[in-house]
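The values are calculated or read from the model by the stated rules, or taken from the named source; none is laboratory data. These figures come from a predicted structure and were not determined experimentally. Cβ sites come from the backbone with ideal geometry, for glycine too, and all protein chains shown count toward neighbours. With ligands, DNA and RNA removed, areas are computed over all heavy atoms of the protein, side chains included. Shrake-Rupley method; radii C 1.70, N 1.55, O 1.52, S 1.80 Å.
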Amino acid sequence: QVQLVGSGGGLVQAGGSLRLSCAASGRTIEKYAMAWFRQAPGKEREFVAAITWSGDRTNYADSVKGRFTISRDNAKNTVYLQMNSLKPDDTANYYCAASPSPILGPFVDYHYWGQGTQVTVSS
């Protein structure tokens, strides 16, 4: 079993930055692809970004390309999401997830999910 705990969310003004972290425990995530999703009130969950277990490939939703960067530190069992140039539309609860699949993207079987961390961007 893998437990994922997201943190780093908060309230920020438009144009600002936040760095989310997802710490894993219980088992190493070294062989898992990791992803971030988000869900705003009244909306469906949305894929944000993903990274392979080695960190050699990433995939981003069009809405965050050029603004968000996903990275990982397997030695620390942690995945990060650096979010720059934040917009009010980025306001959502952000979840990290882990998948054994080498395919990056939303339509993958994610075995483990974190509890979410709230990001609120004011205009």
What is the residue count in the stretch 1-42 for residues that are closer than 14 Å to TYR80 by Cα and without any contact (Cβ under 8 Å) to a residue 24 or more places away in the chain?
0
Of all residues in the stretch 17-39, which are open to solvent by 20 Å² or more (accessible area, probe 1.4 Å) and in a loop (DSSP other than H, G, I, E, B)?
SER17, GLY26, ARG27, THR28, GLU30, LYS31, TYR32
